[in-house]
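Okay, so here's the structure we're looking at.
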Amino acid sequence: MSLGLHGVAFVSGAGGGIGRECVKQLVREGCTRVFATDIKESALEETVSVAKRLNSKANIDTEVADISRPEVIDALISRAVQSFGRVDYAFNIAGVTGKLESIDKLTLDDYQLVESINARAVWLSERAQITQMLTQEPLPTHDGRPGSRGVIVNVASVCGFIGFPDSTPYTMSKHAVIGLTRSDSTSFAAKDIRVNAVCPGIIDTAILGPTRDYSLEYCQTFTPMKRLGTPQEIAEVATFLASTRASYICGAVIPVDGGYTAQ
């Protein structure tokens, strides 16, 4: 049975990996109005092409943008509203790993690059999204349960629960996303806005780059399921959280990690 996502979606980091899979999953589940953004134009174009093959009714507006620039964020949400009138589901996915080095070998620029995208941009995005959602009437539901003014799904990481060596900027940024999720979920739940987070383990995306073989070996050794996760597995949880099936889930921080953090 379809999740019945008939509202408007905003997806950052939509050019590949988890972001592209979220767009694909959204159009599969009936969400035909999607505003997608990424820093890479060709990657965004490919996402649109793939999504329209899955659902010919999909209307996907795009904007190439660098969300590390604070002035960009409000403009993106405004553009989404100009295109579709509202924002019902916001997926804050864009992120970077940064340099994997011990702290004594990192510069302030190394830290600020990761923080600006993984933490600050999520905070700015969530602020703009909530500001818009507060102006909206709740989206009607098909089964009589209470509607929502909007749902935000942040993509954090298992690094938001635990520490990995040689990854302090990344680990700090993902702890920040979890804190943001929990804080805003309690602030806006009574105003019919839900905020949740998905925390992927090691996922088989291009971000692994030359570390893929090492990551696979690591998963086979330390992850109970003995494999890498797939972007689709993350996207399916994220879109579920946006749906009315998850209408009483608020402030949840859900690991999708093959059992890694259960140990």
Review point. What angle, in degrees between 0 and 90 and rounded to the nearest 10, separates the Cα long axis of helix 212-222 from the longest principal axis of the Cα atoms of the chain?
Key: 90
Review point. Order of 50-56, 90-96, 150-156 by packing, highest average Cβ count within 10 Å first?
Key: 150-156, 90-96, 50-56
Check your understanding: Taking the Cα atoms of the stretch 9-256 alone, what are Rg (to one decimal) and Dmax (as a whole number) in Å?
Key -> 17.4, 56
Exercise for review: Hey, can you grab everything whose amide H is under 5 Å from the amide H of V256? Only 5+ residues off in sequence or another chain; H modelled, so Pro and N-termini drop out.
Suggested key: C199, G201
Practice item. Compute the relative contact order of the chain as a whole-number percentage, counting only Cα pairs closer than 8 Å that sit 6 or more residues apart in sequence. Key: 19
Check your understanding: So, by mean Cβ neighbours within 10 angstrom, what's the order for 179-189, 165-175 with the highest one leading?
Key -> 165-175, 179-189
Check your understanding: Cα centroids of the stretch 24-77 and the stretch 147-177: how far apart, whole angstrom?
Key -> 22
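Among DSSP bridges having both ends in the chain, what percentage is antiparallel? Round to the nearest 5.
Within the chain, antiparallel bridges account for around 5 percent of the total.
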**Study point:** Cβ-derived FRET efficiency at R0 51 Å, Q232 paired with A75, nearest 0.05
**Key:** 0.95
Point to revise | Label-point gap, in nm, between D66 and K40 - each point 7 angstrom along Cα→Cβ | key: 1.7
Exercise for review: Order these peptides, 15-23, 33-41, by their mean beta-carbon neighbour count within 10 angstrom, highest first.
Suggested key: 15-23, 33-41
Point to revise | Residue of P231, P200, P140 that the Gaussian network model of the chain assigns the largest fluctuation, springs spanning Cα pairs under 10 Å | key: P140
Point to revise | Charge dipole magnitude, Cβ of K and R +1, D and E -1 - the chain, Cα centre, debye nearest 20 | key: 720
Check your understanding: Each residue of the stretch 168-173 in turn: what ³J(HN,Hα) in whole Hz from Karplus with 6.51, -1.76, 1.60 and θ = phi - 60°, glycine and Pro shown as x?
Key -> 4, x, 5, 5, 4, 5
Practice item. Distance check, please: which entries in K57/K191; K24/K57; K24/K191 exceed 22 angstrom between their Cα atoms? Key: K57/K191; K24/K191
Practice item. Identify all aspartates and glutamates with a Cα-Cα distance to K52 below 19 Å; exclude those on the same chain that are fewer than 8 residues away in sequence. Key: E21, E29, D38, E41, D61, E63, E236
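Can you give the charge dipole size of the stretch 123-249 about its Cα centre, rounded to the nearest 20 debye, using +1 on the beta carbon of Lys and Arg and -1 on the beta carbon of Asp and Glu?
I would put it at about 260 debye.
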**Study point:** Rounded to 10°, Cα long-axis angle of helix 41-54 versus longest principal axis of the chain
**Key:** 60
Practice item. Rounded to whole Hz and in sequence order, give me ³J(HN,Hα) for the stretch 148-165 from the Karplus expression 6.51 cos²θ - 1.76 cosθ + 1.60, θ = phi - 60°, writing x for Gly and Pro. Key: 10, 6, x, 10, 10, 10, 9, 9, 9, 5, 4, 5, x, 9, 9, x, 10, x
Revision key, fill the gap. Toy charge model, Lys and Arg Cβ at +1, Asp and Glu Cβ at -1: the stretch 1-132 dipole around Cα centroid in debye, rounded to 20, equals 600
Exercise for review: For the stretch 75-180, evaluate the Debye formula with one uniform point scatterer on each Cα (no solvent term) and list log10 I(q)/I(0) at q = 0.13, 0.23 Å⁻¹, rounded to two decimals.
Suggested key: -0.57, -1.14
Review point. For S148, which sequence-distant residues (separation of 5 or more, or a different chain) have an amide H within less than 5 Å of its own amide H, given hydrogens modelled in the peptide plane?
Key: L139
Study note, to complete from the structure: For the stretch 102-113, in residue order, the Karplus 3J(HN,Hα) values (coefficients 6.51, -1.76, 1.60; θ = phi - 60°; whole Hz; Gly and Pro = x) are 5, 4, 6, 9, 9, 9, 4, 4, 4, 5, 5, 4
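FYI, it's all coordinate maths here, none of it is from the lab. Quick caveat: nothing in here was measured; it's all calculated off a predicted structure. Glycine gets a Cβ as well: all are built from the backbone with ideal geometry, and neighbour counts include every protein chain shown.
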